[in-house]
Amino acid sequence: MSDRLPHEKGFHVSWDQIHRDSRALAWRLDGKGPDAGAWKAVVAITRGGMAPAMIVARELDIRTVDTISVKSYDHQDRTEAKVLKAPDAAMMGDGEGILVVDDLVDTGKTLELVRRLYPRAHFATVYAKPQGEPMVDTFITGVSQDTWIFFPWDMALQYVQPFRGKD
Ligand SMILES: O=P(O)(O)OC[C@H]1O[C@H](OP(=O)(O)OP(=O)(O)O)[C@H](O)[C@@H]1O
Ligand code: HPA
Ligand SMILES: [Mg+2]
């Protein structure tokens, strides 16, 4: 991992915030599925999509939950996106009725890959950066491209110096 952030701004998301935003995402998706408004299944893009997908599945009472594992980053360095584990093929079909959930879309490369595999799925993320927005059907909060989003599972509470104590 590089010592320096590649982005100027940091958006630090607490557990409470991601819970609220994931719930808001669920409510926005409620009744929007193709089968009388219902969704067949939720598919989380691991790992970041797992916590939001669990909250969405709980809010919408969807019991069929699967995962697709896509690795796109090595810490903050982008690598070529690749599928490490696919969801159940019979369930997925071409994606119709499937809600694919991720924590965020940044460049859109991850969703582009998953969209190619399941073109009729609905793609939802909690956060979206402008470059990736065309790849996502529903999201809650937009952040600028030069912002790095820090999720609660990547952070810990720690002491900080008071402003006047800094040298
Ligand atoms: O729009 P993109 O530029 O493709 O970036 C977005 C993806 O990158 C991160 O996942 P990552 O590959 O780091 O894996 P992780 O979810 O296991 O942290 C994030 O959780 C998204 O899945
Ligand atoms: O802003 C981000 N935060 C965390 N993971 C990410 N993966 C791509 N962009 C981001
Ligand atoms: Mg991810």
field: Reachable lysines, given that their alpha-carbon falls under 26 Å from the alpha-carbon of Lys82 and they are not under 8 places away in the same chain
entry: Lys40, Lys71, Lys109, Lys129
Accessible surface, the chain, averaged per residue in Å² (probe 1.4 Å): 60
- prompt: Among all stretches of the chain without exposed GluC sites (Glu not before Pro) (DSSP loop, at most 15 other Cβ atoms within 10 Å), which one is longest?
  reply: 9-95
- prompt: Hey, can you rank 11-18, 49-56 by average C-beta count inside 10 Å, highest first?
  reply: 49-56, 11-18
statement: Across all Cα atoms of the range 9-156, Rg and the largest Cα-Cα distance (Dmax), in Å, are 14.2, 43
query: What does the accessible area of Lys9 come to, in Å² to the nearest 10, when a probe of 1.4 Å is used?
result: 100
- request: With a Förster radius of 25 Å, plug the Cβ-Cβ distance of Met155 and Glu80 into 1/(1 + (r/R0)^6) and report the FRET value to the nearest 0.05.
  value: 0.40
field: Förster radius 35 Å - calculated FRET efficiency between Ala90 and Trp148 (Cβ-Cβ, nearest 0.05)
entry: 0.35
statement: Accessible-area order for Tyr127, Tyr159, Tyr73, Tyr118, largest to smallest, probe 1.4 angstrom, reads Tyr159, Tyr73, Tyr118, Tyr127
- request: Could you rank Thr64, Thr46 by how accessible they are, 1.4 Å probe, largest area first?
  value: Thr64, Thr46
task: May I ask you to give the percent of accessible area on the range 30-157 that is carbon plus sulfur, with a probe radius of 1.4 Å?
output: 51
message: Nearest 500 deg cm²/dmol is fine: what mean residue ellipticity at 222 nm does the chain get from its DSSP H runs of n ≥ 4 alone, each adding -39,500 (n - 2.57), divided by its residue count?
response: -6500 deg cm²/dmol
message: Contact order normalised by length for the range 9-156, with contacts defined as Cα pairs under 8 Å and 6 or more residues apart; what percent is it?
response: 26
Acute angle (nearest 10 degrees) that the helix 50-59 long axis makes with the longest principal axis of the chain, alpha-carbon atoms: 50
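The values are calculated or read from the model by the stated rules, or taken from the named source; none is laboratory data. Just so it is clear, the structure is predicted and the values come from calculations on it, not from any experiment. Cβ: placed from backbone, ideal geometry, glycine included. Neighbour counts: every protein chain shown. All accessible areas refer to the heavy atoms of the entire protein, side chains included, with ligands and DNA or RNA removed. Shrake-Rupley method; radii C 1.70, N 1.55, O 1.52, S 1.80 Å.
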